[in-house]
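Here, each number is a calculation from the coordinates, and none is a lab measurement. Every value quoted in this text rests on a predicted model; they were computed, and no experiment measured them. Cβ placement follows ideal geometry from the backbone for every residue including glycine, while neighbour counts extend to all protein chains displayed.
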Amino acid sequence: MSTKMCFEIPVLVPSTKGSLVVFGVESTSHTFGVGIIEFQNNNVCVLANVSSQYKPERGGIHPSEASQHHVNVSNEVVKRALSEAGISISDIDVVAVAVGPGLGPCLRVGATLARFISAYWGKPLVPVNHAVAHIEIGKLVGNMRDPLIVYVSGGNTLIAVQKDKRYRVLGETLDIPLGNLLDTFTREIGIAPPYIVGGKHAIDICAEWSSEFTPLPYTVKGSDLSFSGLLTAALRIAREAGGDKTKLGRVCNSLRETAFNMLIEVVERSLMLTGKREILLVGGVASNTVLREKFETIARFYGVRYYGTPPEIAGDNGLMIAYTGLLQYLYGRIVKPEELVVKQRLRLDEEVYPWLL
Amino acid sequence: MASLSNSLIARGAEAEIYVADFLGIKVVVKKRVSKPYRNPIFNKMFIESRTRTEAKVLSELYLAGLPVPSVILVDEEGGVIVMEYVEGSRLSDILGTLPRETIIDISGSIGKYAALMHNMEIYHGDFTLANILFTRSSSIVIIDFGLAGYSTDIEEYAIDLHLMSRSIEALYPEFSEIFTKNMFEKYKEYSKIGGENVIRKVSEIRARGRYVDREVRKAILRERYIG
């Protein structure tokens with residue numbers, strides 16, 4: 001890393017003297033990542049953010065294959081992160097780990113590593129909610145205090161705000177998440193995996209084959225969304241295309257437009273309901289340039305500030321776990337290694353976080 | 001209508017709201033607009049079919065005596081509905097400033113009117129605090145039927161109640177428990193279509209959200225299938 005990136009913490013934390021080095025481990029799904037940050041005077045500097053992704057050769061994520069990948073790369077990723085940061089393990093002050101939501105076998109790889117480091121070197125251990133981490137890192141890098149949060153990934157599609165020190169979900173998918181819709185559709189029609197090529201999702205590549213549009217099921221229920229009917233209908237039409245590239249392109253284009261328009265509509269509704277002046281887009285699907293452009297346009301239209309996390313931090317990473325772990329640590333939320341448990345199902349709105357508004 | 005541009009009072013998620021004078025009566029003009037970031041097909045769908053349904057639903061509810069603005073004029077293609085102006089504040093803005101007893105009364109009225117509306121096989125579709133006006137005479141008026149429709153599926157009714165209870169949770173969590181409880185009670189009292197089942201469906205919908213604890217989900221489903 002040529003220049004050290006530093007950010008001022010946009011949330012209220014207890015004042016602390018001296019500096020702290022936090023080591024964060026992410027392993028909830030396809031990514032094994034380690035992030036290292038240094039905290040001083042209400043500022044956070046990124047020392048390292050290294051990750052390795054499991055990419056299935058065919059099909060979707062196979063949990064035990066993914067966890068096998070994490071085990072295989074963990075030593076290398078940790079070593080690279082430490083060397084980038086220019087520190088050794090004994091220099092770490094706090095160990096943070098994502099404990100959920102996620103895939104059991106994957107979660108356990110990170111948890112085991114974090115427990116070990118904590119116990120062996122006697123470092124305080126902090127459990128982190130992966131969904132909260134996606135949002136906190138977005139608030140940090142985008143310098144936002146009270147945004148309307150739009151979290152879109154392979155495992156989540158939700159709109160939230162903070163209120164009374166909790167994240168409150170205003171709307172969410174009632175069935176499959178947006179990322180899952182795009183992945184499943186492209187996989188079923190045989191153009192993925194790989195899902196991402198040169199920073200572009202397979203759906204975007206396919207959508208370029210046509211600019212035409214076919215109406216597909218559009219399901220918005222208040223601020224909630226449902227994508228499963230859309231997926232089924234798109235797959236049925238895709239099968240009828242009989243391998244015709246232009247016809248297939250039309251389905252891809254229509255599927256993407258319909259899904260993104262549904263999301264945009266509930267974002268507008270939530271914006272009206274809450275009167276927030278900032279929109280924060282986080283999660284893996286936040287990397288999608290077509291979606292980002294749409295968000296830039298709505299933000300201009302309503303005269304609100306918009307920030308979308310850039311690809312390096314939009315996808316799963318250790319940095320967001322280290323940073324959220326720091327916030328937890330500053331508020332004294334540490335656990336003993338033997339008390340750390342993973343939770344495959346863990347909701348964003350389950351817990352109170354003292355740094356929230 | 002030439003002076004409309006000077007009287008824009010609100011910009012909703014899909015429409016612009018103007019105040020105008022019509023035969024000496026103060027009216028609201030709701031004009032659905034095309035959005036630059038929306039596919040033209042959606043623009044057309046949003047404008048035509050939603051205008052038609054909204055006008056129809058509003059008229060039926062008004063004639064049945066429910067507290068909704070009465071429709072005066074409709075232009076489907078232009079996406080315009082002219083309706084009676086209602087003086088009031090959105091509950092999403094002011095609920096927290098009201099006395100506790102008033103909040104409880106409001107929750108009951110919301111439950112009652114939701115039941116009467118659902119009895120007519122109509123769902124609101126965006127039933128949140130932002131779409132309930134609180135008037136000077138301390139009564140409520142339900143507005144914005146832009147996502148409303150007709151259905152006999154109790155799922156749609158349950159979604160209305162689910163949206164309302166989640167909007168109170170997000171905006172005024174301190175009142176959410178009593179509000180939701182009272183709303184459900186009145187709903188059951190006025191429902192003629194099996195209010196119990198609708199309310200059971202609400203917890204089922206909630207359990208469909210991502211990462212709901214497995215035990216919680218199991219308990220809800222058990223109640224549904226085993227009783």
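Calculate the mean, over all residues of peptide A:168-175, of how many other protein chain Cβ atoms lie within 10 angstrom of the residue's Cβ.
Rounded to a whole number, the mean comes out at 5.
For the range B:4-84, what does the alpha-carbon gyration tensor say about shape, rounded, prolate or oblate, given a ≥ b ≥ c as the root eigenvalues, a/c under 1.5 as rounded, and a/b over b/c as prolate?
oblate
Going down the table (A:K163/B:K201; A:K139/B:K201; A:K139/A:K336), which pairs top 31 Å between alpha carbons?
A:K139/B:K201
At a 10 angstrom cut-off on C-beta neighbours, averaged per residue, how do the peptides A:198-205, B:96-103 rank from highest to lowest?
My ranking of the peptides, most packed first, is A:198-205, B:96-103.
Which of B:G78, B:L133, B:M183 sits closest to the plus end of the dipole of chain B, meaning its Cα is farthest towards the positive end, when Lys and Arg get +1 and Asp and Glu get -1 on the C-beta?
After comparing all options, I get B:M183.
Please label the shape of the protein assembly as shown as rounded, prolate or oblate, based on the square roots a ≥ b ≥ c of the eigenvalues of the alpha-carbon gyration tensor (a/c under 1.5 means rounded; beyond that, a/b larger than b/c means prolate, else oblate).
prolate
Along the Cα→Cβ direction, 7 angstrom out, place labels at B:T102 and A:T297. What is the inter-label distance in nm?
About 4.2 nm, to one decimal.
Using the crude model of +1 on Lys and Arg Cβ and -1 on Asp and Glu Cβ, and no other charge, please compute the dipole size for the range A:208-264 relative to its Cα centre, in debye to 20.
On the way: 7 positive and 6 negative charges, 26 e Å.
Rounded to the nearest 20 debye, it is 120 debye.
Please average, across the residues of A:222-231, the number of beta carbons from any other chain that are within 10 Å of each residue's own beta carbon, and give a whole number.
Other-chain Cβ atoms within 10 Å of each residue's Cβ, averaged: 3.
Provide the three semi-axes, in whole Å and in decreasing order, of the ellipsoid equivalent to chain B as defined by the square roots of 5 times the Cα gyration tensor eigenvalues.
Values: eigenvalues 203, 85, 56 Å².
Over the Cα atoms of chain B, the ellipsoid semi-axes are 32, 21, 17 Å.
Binning every alpha carbon pair distance of the range A:148-275 at 10 Å from zero, what are the percents per bin?
Using 10 Å bins, I get a P(r) of 13, 42, 30, 12, 3, 0 for the range A:148-275.
Go through A:T274, A:A234, A:S223 and say which Cα lies farthest out towards the positive end of the charge dipole of the range A:148-275; charges sit on Cβ, +1 for Lys and Arg, -1 for Asp and Glu.
In the range A:148-275, that residue is A:T274.
Of the residues A:D164, A:D175, A:D183, which exhibits the maximal mean-square fluctuation in a Gaussian network model of chain A defined by a 10 Å Cα contact cut-off?
Looking only at A:D164, A:D175, A:D183, the largest GNM fluctuation is found for A:D164.
Work out the FRET efficiency for A:F116 and A:I237 from their Cβ-Cβ distance, taking R0 = 51 Å, and round it to the nearest 0.05.
0.50
For A:I237, what charge total do you get from the other residues with a beta carbon under 10 Å from its beta carbon, if Lys and Arg give +1 and Asp and Glu give -1?
Details: positive: A:R236, A:R239, A:K247, A:R250; negative: A:E240.
Here the charged neighbours net out to +3.
What FRET efficiency would be calculated for the residue pair A:N41, B:K181, taking the C-beta separation as r and a Förster radius of 45 Å, to the nearest 0.05?
0.40
Looking at the calculated P(r) for the range A:1-126, what percent of the C-alpha pair distances fall above 18 Å?
55 percent
Please go through the residue pairs A:K200/A:K245; A:K343/B:K181; B:K56/B:K112 and name each one whose alpha carbons sit more than 27 Å apart in this structure.
Check vs 27 Å cut-off fails for A:K343/B:K181.
Which whole number in µm²/s is D for the range A:89-168 by Stokes-Einstein, with the Kirkwood Rh taken over Cα pairs at 37 °C and 0.692 mPa s? Walk me through the numbers before you get to the answer.
Working: Rh = 14.4 Å.
Stokes-Einstein gives a translational diffusion coefficient of 228 µm²/s.
Shielding of A:267-280 by partners, i.e. mean partner chain Cβ atoms within 10 Å per residue?
Across the residues of A:267-280, the mean count of other-chain Cβ atoms within 10 Å is 4.
Would you please put A:263-271, A:348-356, A:25-33 in order of how densely packed they are, using the mean number of other Cβ atoms within 10 angstrom per residue and starting with the highest?
Details: A:263-271: 23.0, A:348-356: 17.3, A:25-33: 28.4.
For the peptides A:263-271, A:348-356, A:25-33, the packing ranking is A:25-33, A:263-271, A:348-356.
To the nearest 20 Debye, how big is the dipole of the range A:175-241 about its Cα centre, given +1 on the beta carbon of each Lys and Arg and -1 on that of each Asp and Glu?
Dipole of the range A:175-241, to the nearest 20 debye: 80 debye.
No partner Cβ under 4.7 angstrom, meaning no disulfide-compatible partner by this rule: which Cys of the protein assembly as shown qualify?
Result for the protein assembly as shown is A:C106, no neighbouring Cys Cβ within the cutoff.
Using a 7 Å offset from the Cα along the Cα-to-Cβ direction at both B:A64 and A:R145, what is the distance between the two label points in nm, to one decimal?
Inter-label distance under the simple model: 4.6 nm.
In a Gaussian network model over chain B where Cα atoms closer than 10 Å are linked, find which of B:A170, B:A148, B:A114 has the largest mean-square fluctuation.
Ranking B:A170, B:A148, B:A114 by mean-square fluctuation puts B:A170 first.
Along the charge dipole of the protein assembly as shown, pointing to its positive end and built from +1/-1 on Cβ of Lys, Arg, Asp and Glu, which listed residue (A:I203, B:G12, B:F145) has its Cα farthest out?
The residue sitting farthest along the positive end of the dipole is A:I203.
Dipole of the protein assembly as shown, Cα-centred, from +1 at each Lys and Arg C-beta and -1 at each Asp and Glu C-beta, to the nearest 20 debye?
Computed about the Cα centre, the dipole is about 560 debye.
Can you list which of the GluC sites (Glu not before Pro) found in the range A:186-237 are DSSP loop residues with at most 15 other C-beta atoms within 10 Å?
A:E208, A:E212
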